[in-house]
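The values are calculated or read from the model by the stated rules, or taken from the named source; none is laboratory data. Everything quoted here is computed from the prediction, not taken from an experiment. Here the Cβ is made from the backbone with ideal geometry for all residues, glycine too, and neighbour counts use every protein chain on show. Side chains included, ligands, DNA and RNA excluded: accessible areas come from the protein's heavy atoms. Shrake-Rupley method; radii C 1.70, N 1.55, O 1.52, S 1.80 Å.
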Amino acid sequence: APPCPTDRLGLQVPARHLLEGDTVTLRCRGQKDTSVTQVQFYHEGNEVGEVRGAELSLSALQLNHSGRYRCEGWVGFGPSPWKTSELVTVTVY
């Protein structure tokens, strides 16, 4: 059976193009607002700390914040609740 779409994680970024010094909050969300727990964010494959719930706040952005982000977490229930989002590219100018 194809995977149920409610299982998927989405990484929400309010803007893909950001300026140095900006603050941005990335949100890891399950479809249809399924609760997501034990969320971890990754930037270019490396864990990013300071995660509050399912949100990652990046303040005083610098050029080195550019790159690909993804999140992982437990979504709802089911045989394999650990999910990974698609990669989202963020560019800081």
Using a 1.4 Å probe on the protein heavy atoms, what percent of the accessible area of the chain belongs to carbon and sulfur? 50
Given the Cα-Cα distance of Thr25 and Gln62 and 0.36 nm per residue of separation, how much length would full extension add, in nm? 11.9 nm
Within 10 Å of each candidate Cβ there may be at most 14 other Cβ atoms; applying that plus a DSSP loop requirement, which trypsin sites (Lys or Arg not before Pro) in the chain survive? Arg16
Rounded to the nearest 10 Å², the accessible area of Tyr93 at probe 1.4 Å: 130
Based on the alpha-carbon set only, what is the convex hull volume of the chain divided per residue, in Å³? 92
Quick check: net charge around Ala15, other residues with Cβ under 15 Å of its Cβ, Lys/Arg +1 and Asp/Glu -1? 0
About its Cα centre, what dipole magnitude does segment 1-75 give when the only charges are +1 on Lys and Arg Cβ and -1 on Asp and Glu Cβ, stated in debye to the nearest 20? 260
If you roll a 1.4 Å probe over the heavy atoms of the protein chains, what accessible area per residue do you get for the chain, in Å²? 63
Among Gly67, Cys28, Pro79, which residue has its Cα positioned farthest towards the positive end of the charge dipole of the chain, with +1 placed on the Cβ of Lys and Arg, -1 on the Cβ of Asp and Glu, and the dipole taken about the Cα centre? Pro79
